[in-house]
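What follows is a single structure, written as structure tokens, with notes after it.
The values are calculated or read from the model by the stated rules, or taken from the named source; none is laboratory data. Because the structure is a prediction, the values reported are computed rather than measured. Glycine gets a Cβ as well: all are built from the backbone with ideal geometry, and neighbour counts include every protein chain shown. When the accessible area is computed, the model is the full protein with side chains, heavy atoms only, and any ligands, DNA or RNA have been set aside. Shrake-Rupley method; radii C 1.70, N 1.55, O 1.52, S 1.80 Å.
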Amino acid sequence: METKKNIVLVPTDFTEVAEYAIMHGAGICKMQNYKLALLHIVNRETKSYLKKEKLTSNAINERLEKKAKEISEKFGIVVDYIVREGSIFSTIGEVAKEIGANLLTLGTHGKMGLQHIMGSYAMKVIGSSPTPVIVVQERGFREGYKNIVLPIDDTMESKQKVKWAIHIARKFNSTVHIFTMHSSDGYRMAKIKGNLRQINKFFDQNNIIHTEKIADKKALFLCRFFLIRRK
């Protein structure tokens, strides 16, 4: 029986920064022997572009197929692609859940929404994701990650993100900055502190350099993903 591969999902709008996100996703897949899935969301902008260029919807599939083949050959990994009509605010999360993605890699610029990923649209995009999200900017994966911001709360998802932080930090000698969410609920805060103790123990056991800080309310949305910064 074939073992099911873990999956890194990368939404792309074919912009330069989306290409960087693909490179990061592919690099992680190669490092972890995961499968890469490319996703293009067909929305009004896509339809307008196709109409303007007098192209059919097959043009999107052909472009993704070409990119998937290119990445597969370059990195030696399995690459699938998905075309789905919808909105980046909800469809990315729906597809991630549908295919059982373990991680999302997003660029910070490109199609409207992605370009504001760290701004007012952040909660809509990241909040819809059932899996941790790595937000990357315009540099290649080969340059590594100097800092990893790891927000945690009282959920099981917080512990699940730790393995990614450890893998990446060990590979690139990164420092992990742990952010805990303060809560006025004593029971919930106790659970958060319990998670924090376990996570600190995991990092100590793996010789990972790490810091910790209690985040304010403005940082609550961070508890659904972690952010990497390049060297």
Exercise. Under 9 Å by Cβ, and 6 or more places apart or on different chains, what pairs join a residue from the stretch 32-50 that is touching a residue at least 60 places away in the same chain (Cβ under 8 Å) with one that is part of a helix (DSSP H, G or I) and open to solvent by 20 Å² or more (accessible area, probe 1.4 Å)?
Worked result: 32/167; 37/99
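Please work out if residue 66 is open to solvent by 70 Å² or more (accessible area, probe 1.4 Å) and not aromatic (Phe, Trp, Tyr).
Details: open to solvent by 70 Å² or more (accessible area, probe 1.4 Å): yes; not aromatic (Phe, Trp, Tyr): yes.
So residue 66 fits the description; yes.
Just give me the residues in the stretch 16-26 being farther than 13 Å from residue 39 by Cα and either charged (D, E, K, R) or open to solvent by 10 Å² or more (accessible area, probe 1.4 Å) (or both), in sequence order.
Filtering the stretch 16-26 down to residues farther than 13 Å from residue 39 by Cα leaves 16-17, 20, 23-24, 26.
Within the stretch 16-26, 16, 20, 23 meet the criteria.
Across the stretch 149-166, which residue is farthest from residue 130 (Cα to Cα) among those that are open to solvent by 80 Å² or more (accessible area, probe 1.4 Å) and in contact (Cβ under 8 Å) with a residue 12 or more places away in the chain? Walk me through it before giving the result.
Going residue by residue through the stretch 149-166, those that are open to solvent by 80 Å² or more (accessible area, probe 1.4 Å) are 156-157, 160, 163.
Now drop any that are not in contact (Cβ under 8 Å) with a residue 12 or more places away in the chain, which leaves 157, 160.
Details: 157: 9, 160: 12 Å.
Ranking the qualifying residues of the stretch 149-166, first place goes to 160.
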Seminar exercise, completed: The correct count of residues that are among the hydroxyl-bearing types (Ser, Thr, Tyr) and in contact with a Leu (Cβ under 9 Å, 6 or more places away or on another chain) in the stretch 37-76 is 4
Exercise. Of all residues in the stretch 173-183, how many are open to solvent by 30 Å² or more (accessible area, probe 1.4 Å) and closer than 22 Å to residue 25 by Cβ?
Worked result: 1
Exercise. So is residue 154 modelled with pLDDT of 85 or more and of a type in the set (Asp, Glu) or not?
Worked result: no
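Say we look at the stretch 184-205 and pick out the residues that are under 26 Å from residue 28 (Cα atoms) and among the aliphatic types (A, V, I, L, M); which of these is most open to solvent (accessible area, probe 1.4 Å)?
Filtering the stretch 184-205 for residues under 26 Å from residue 28 (Cα atoms) gives 195-196, 198-205.
Next cut, among the aliphatic types (A, V, I, L, M) only: 196, 199.
Numbers: 196: 21, 199: 1 Å².
Only one residue tops the list, namely 196.
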Seminar exercise, completed: residue 126 vs (1) farther than 16 Å from residue 36 by Cα; (2) open to solvent by 10 Å² or more (accessible area, probe 1.4 Å); (3) at pLDDT below 90: all pass except (2)
Exercise. Would you call residue 2 open to solvent by 10 Å² or more (accessible area, probe 1.4 Å), among the charged types (D, E, K, R) and modelled with pLDDT under 90?
Worked result: yes
For this session: For residues that are closer than 21 Å to residue 43 by Cα and among the charged types (D, E, K, R), scanning just the stretch 71-112, find the one that is least open to solvent (accessible area, probe 1.4 Å).
Result: 111
For this session: Take residue 7 and decide whether it is closer than 14 Å to residue 103 by Cβ and surrounded by 14 or more Cβ atoms within 10 Å (Cβ to Cβ).
Result: yes
Exercise. Among (1) free of Cβ contacts under 8 Å to residues at least 60 places away in the same chain; (2) farther than 28 Å from residue 166 by Cα, which single condition is residue 75 missing?
Worked result: (2)
Exercise. What number of residues in the stretch 194-222 are modelled with pLDDT of 85 or more and outside any strand (DSSP E or B)?
Worked result: 15
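Give the stretch 28-83 a look and list any residue that's of a type in the set (Phe, Trp, Tyr) and within 30 Å of residue 145 (Cβ to Cβ), or say none.
We begin by selecting, within the stretch 28-83, every residue of a type in the set (Phe, Trp, Tyr); these are 34, 49, 75, 81.
Those that are of a type in the set (Phe, Trp, Tyr) and within 30 Å of residue 145 (Cβ to Cβ): 34, 75, 81.
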